[in-house]
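Written out below as structure tokens is the structure these notes cover.
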Amino acid sequence: MIRERIEELRRQLEYHNFRYYVENAPEISDFEFDTMMRELQDLERAHPELSDPNSPSVRVGSDITSEFRSVKHRFPMLSLGNTYSLDELHEFIARIEKEAGPTEFVCELKFDGTAISLTYEDGRLLRAVTRGDGTQGDDVTANVRTVRTVPLRLRGDDWPPYFEIRGEILMPYASFDKINAEREAAGETLFANPRNAAAGTLKQQASSVVARRGLDCTLYQLAGDDLPFTNHWESLQKAREWGFKVSDAARICRTAEQIDAYIAHWDEGRHALPFPTDGVVIKVNDFAVRRQLGFTAKAPKWAVAYKFKAEQALTRLDSVSFQVGRTGAITPVANLEPVLLAGTTVRRATLHNAEQMALLDIRPGDMVYVEKGGEIIPKITGVDLSQRPADSKPFEYITVCPECGTPLVRYEGEAKHYCPNQGGCPPQIVGRIIHFIRRKAMDIEGLGEETVELLYENGLVHDVADLYDLKAGQLAELPRLGEKSADNIIRSIRGSVEVPFRRVLFGLGIRFVGETTA
Ligand code: IVH
């Protein structure tokens, strides 16, 4: 009786999960779904003997942290040759047609996430493994089970008893923006781009965290002995029937012109997609032709990736300013004439360090190329020398700290300059205190960056120890701080003495002592 009810709930939840996440066509309300899920979870808790690693209830993840076992891939995960040039792409097509005659290609989007290999046995998800070095990767099954678009049990019954399917774990922009907003509010470091965020999330140790990160999974390649298909297109259609999310952007192309048109379409069209892509993958459709063409040491000869060029804009470099971090590291920042790039207005870009600036011979007044390669902070990639003013002179890097005037130093093996005046350089002092109060360190709520600056400017704190001598009365006298928030801050500071020592150690901001080392 109970066994049947559990099985019925699992079937229903699987079906509605598929309708909601894969087909974007829900049939029932979230409330009805949650009610069924709760009933299933209660029954499973009461009857642990009926548990199943592929039950839809695993989608919410668990707090048990897992070490990732290294697993050898039964079929190696190869990489793709890639090119930015249509001429090279045409040579690729010509080379294949010379060997195999007129050939059918399947064009697909190149999804910009992190590669995953899913193994199914008797229609059930057995394992999910990262690409790793291509020969072996990490077993991240518990985490992947929380990704709603990964089927835990397959639909239909005509799947091979054992096969692998490869695809990409993606983080949609909406999830990425939400997570970074949360991280920013918590004073945590931001993910540079959705690809890093997807890869980082997959290596999270608690699957319940993964479950909340809004990952997606698109599949694009089957692997197995004796797959029941003669071509790739057929395998994609079948995979979709079995419940996998397979992109509907794939097309069969028979000529170079059709492939060019596909690329031109998506070079523009990709900006409207909800997840990142960085090119188009062109694959031979017919498996017999694939076998005939074979492999190089690293990649199949029957497929190639055409990569979209990063979006670029040309604008004037008005001036260079220098930021001093809490460790004293100096970062040169370009102040640009505002320019529109990939949908946002760019005013500043990183110049990394002195060496990078010298290499590009960047000078204020130059017209420079700005690129956004999926990173949050745009970078300068070159100078248009033809537009350089005649009286321009090479840029001379600063030799003293812009904040405290101390001569800068360079440490062996490091690209950046440092201000060595740790005890007297204001942004270093303030930066250290801000680091100390971060959520991952002492977690002192109510004390934001601005308040720390205010405290420092008013001579109330000079190092982290001073925080613990503060009195509510001193705080309440500061502009913008009332008695109530002053009390809260003091309570929060006093409370922070309870955090475990590893967080104190991390909070001290010792070089090379990050969260993990601490
Ligand atoms: S096929 C043997 N198709 O690109 C060919 N790969 O540079 C296996 N990728 O590791 C890959 N979208 O992570 C293929 N539609 C697509 C893809 C795709 C993204 C990634 C994949 C692979 C890398 C190769």
Within the stretch 184-191, can one find any residue that is touching a residue at least 12 places away in the same chain (Cβ under 8 Å), under 30 Å from Lys379 (Cβ atoms) and either crowded, with 22+ Cβ neighbours inside 10 Å or of a type in the set (D, E, K, R) (or both)? yes
Give the stretch 399-418 a look and list any residue that's touching a residue at least 24 places away in the same chain (Cβ under 8 Å) and either surrounded by fewer than 14 Cβ atoms within 10 Å (Cβ to Cβ) or in contact with a strand residue (DSSP E or B) (Cβ under 6 Å, 6 or more places away or on another chain) (or both), or say none. Pro402, Glu403, Leu408, Ala415, Lys416, His417, Tyr418
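Looking at the stretch 310-358 only, could you name the residues that are hydroxyl-bearing (Ser, Thr, Tyr) and loosely packed, with under 15 Cβ neighbours inside 10 Å? Step through it out loud before you land on a result.
First, pick out the residues of the stretch 310-358 that are hydroxyl-bearing (Ser, Thr, Tyr): 315, 319, 321, 327, 331, 344-345, 350.
Scanning the stretch 310-358 gives Ser319, Ser321, Thr344, Thr345.
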When every residue in the stretch 101-116 that is acidic (Asp, Glu) and under 12 Å from Ala305 (Cβ atoms) is compared, the one farthest from the ligand (Cβ to nearest atom) is Asp112
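For the condition touching a Ser or Thr at 6+ places or on another chain (Cβ under 9 Å) and among the aliphatic types (A, V, I, L, M), what is the one hit in Leu227, Leu190? Give the derivation first.
Numbers: Leu190 fails: touching a Ser or Thr at 6+ places or on another chain (Cβ under 9 Å).
So the residue among Leu227, Leu190 that is touching a Ser or Thr at 6+ places or on another chain (Cβ under 9 Å) and among the aliphatic types (A, V, I, L, M) is Leu227.
Which members of the stretch 124-162 meet the condition of being more than 16 Å from the ligand (Cβ to nearest atom), in contact with a Leu (Cβ under 6 Å, 6 or more places away or on another chain) and not in a strand (DSSP E or B)? Let's see the steps before the verdict.
Residues of the stretch 124-162 more than 16 Å from the ligand (Cβ to nearest atom): 124-127, 139, 141-143, 145-146, 148, 151-162.
Imposing the further condition that a residue be in contact with a Leu (Cβ under 6 Å, 6 or more places away or on another chain) reduces the set to 125, 143, 152.
Across the stretch 124-162, the qualifying residues are Asn143, Leu152.
Out of the stretch 244-262, which residues are more than 19 Å from Thr218 (Cβ to Cβ) and either within 13 Å of the ligand (Cβ to nearest atom) or of a type outside the set (Lys, Arg) (or both)?
Cys253, Thr255, Ala256, Glu257, Gln258, Ile259, Asp260, Ala261
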Scanning for something in contact (Cβ under 8 Å) with a residue 60 or more places away in the chain, more than 16 Å from the ligand (Cβ to nearest atom) and within 25 Å of Val129 (Cβ to Cβ), does the stretch 227-238 turn up at least one residue? yes
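Every residue in the stretch 239-253 that is in contact (Cβ under 8 Å) with a residue 40 or more places away in the chain and part of a loop (DSSP other than H, G, I, E, B), please. If you could, list the steps in order and put the result at the bottom.
From the stretch 239-253, those in contact (Cβ under 8 Å) with a residue 40 or more places away in the chain are 239, 241-245, 247, 249-253; that's our starting set.
Passing the criteria: Trp242, Gly243, Phe244, Lys245, Ser247, Ala249, Ala250.
Tally time: how many residues in the stretch 263-283 are more than 15 Å from the ligand (Cβ to nearest atom), outside any helix (DSSP H, G or I) and modelled with pLDDT of 95 or more?
Step one: filter the stretch 263-283 for residues more than 15 Å from the ligand (Cβ to nearest atom), giving 264-265, 267-269, 271-272, 274.
Filter once more, so that each one left must be outside any helix (DSSP H, G or I): 274.
Among the residues that remain, those that are also modelled with pLDDT of 95 or more are: none.
Counting residues in the stretch 263-283 that are more than 15 Å from the ligand (Cβ to nearest atom), outside any helix (DSSP H, G or I) and modelled with pLDDT of 95 or more gives 0.
How about the stretch 163-179: which of its residues are away from the ligand (no atom under 16 Å from the Cβ) and either assigned to a loop (DSSP other than H, G, I, E, B) or free of Cβ contacts under 8 Å to residues at least 40 places away in the same chain (or both)?
Going through the stretch 163-179, the residues away from the ligand (no atom under 16 Å from the Cβ) turn out to be 173-179.
Those that are away from the ligand (no atom under 16 Å from the Cβ) and either assigned to a loop (DSSP other than H, G, I, E, B) or free of Cβ contacts under 8 Å to residues at least 40 places away in the same chain (or both): Phe176, Asp177, Lys178, Ile179.
Residues checked against (1) surrounded by fewer than 16 Cβ atoms within 10 Å (Cβ to Cβ); (2) of a type in the set (D, E, K, R); (3) closer than 24 Å to Leu202 by Cα:
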residue: Asp63; (1), (2), (3): yes, yes, yes
residue: Phe75; (1), (2), (3): yes, no, yes
residue: Ser79; (1), (2), (3): yes, no, yes
residue: Leu86; (1), (2), (3): yes, no, no
residue: Ile93; (1), (2), (3): no, no, no
residue: Lys98; (1), (2), (3): yes, yes, no
residue: Thr103; (1), (2), (3): no, no, no
Restricting to the stretch 452-505, give me the number of residues that are farther than 16 Å from Ile429 by Cα and either of a type in the set (A, V, I, L, M, F, W, C) or not in a helix (DSSP H, G or I) (or both). 21
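What do you reckon, is Leu222 within 14 Å of the ligand (Cβ to nearest atom) and not small (Gly, Ala, Ser)?
yes
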What are the pairs with Cβ atoms under 7 angstrom where one residue, in the stretch 64-80, is within 14 Å of the ligand (Cβ to nearest atom) and the other, located anywhere, is outside any loop (DSSP other than H, G, I, E, B) and small (Gly, Ala, Ser)? Sequence gap at least six, or different chains. His73/Ser117; His73/Gly137; Phe75/Ala223; Met77/Ala115; Met77/Ser117; Leu80/Ala303; Leu80/Ala305
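Is it true that Leu43 is closer than 30 Å to Glu164 by Cβ and surrounded by 15 or more Cβ atoms within 10 Å (Cβ to Cβ)?
Numbers: closer than 30 Å to Glu164 by Cβ: no; surrounded by 15 or more Cβ atoms within 10 Å (Cβ to Cβ): yes.
The answer is no for Leu43.
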How many residues does the stretch 65-124 contain that are closer than 23 Å to Ala250 by Cβ and within 22 Å of the chain's Cα centre (by Cα)? 16
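Would you pick out the residues in the stretch 1-19 that are farther than 13 Å from Leu50 by Cβ and not aromatic (Phe, Trp, Tyr)? Break it down stepwise before answering.
We begin by selecting, within the stretch 1-19, every residue farther than 13 Å from Leu50 by Cβ; these are 11-19.
If the condition is that a residue be farther than 13 Å from Leu50 by Cβ and not aromatic (Phe, Trp, Tyr), then Arg11, Gln12, Leu13, Glu14, His16, Asn17, Arg19 are the ones that fit.
The rows are residues; the columns are (1) small (Gly, Ala, Ser); (2) assigned to a loop (DSSP other than H, G, I, E, B).
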| residue | (1), (2) |
| --- | --- |
| Arg45 | no, no |
| Asp52 | no, yes |
| Val58 | no, no |
| Ser62 | yes, yes |
| Glu67 | no, yes |
| Met77 | no, yes |
| Asp87 | no, no |
| Glu91 | no, no |
What residue, of Ile362, Ile380, is crowded, with 16+ Cβ neighbours inside 10 Å, over 30 Å from Gly423 (Cα atoms) and over 25 Å from the mean Cα position of the chain (by Cα)? Ile362
Looking at the stretch 284-309, which of its residues are of a type outside the set (A, V, I, L, M), assigned to a strand (DSSP E or B), buried (at least 17 other Cβ atoms within 10 Å of the Cβ) and touching a Leu at 6+ places or on another chain (Cβ under 9 Å)? Pro300, Tyr306
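The values are calculated or read from the model by the stated rules, or taken from the named source; none is laboratory data. Predicted model, so just to flag it, every value in this text is computed and none were measured. Glycine also receives a Cβ, built like all others from the backbone with ideal geometry; neighbour counts cover every protein chain displayed.
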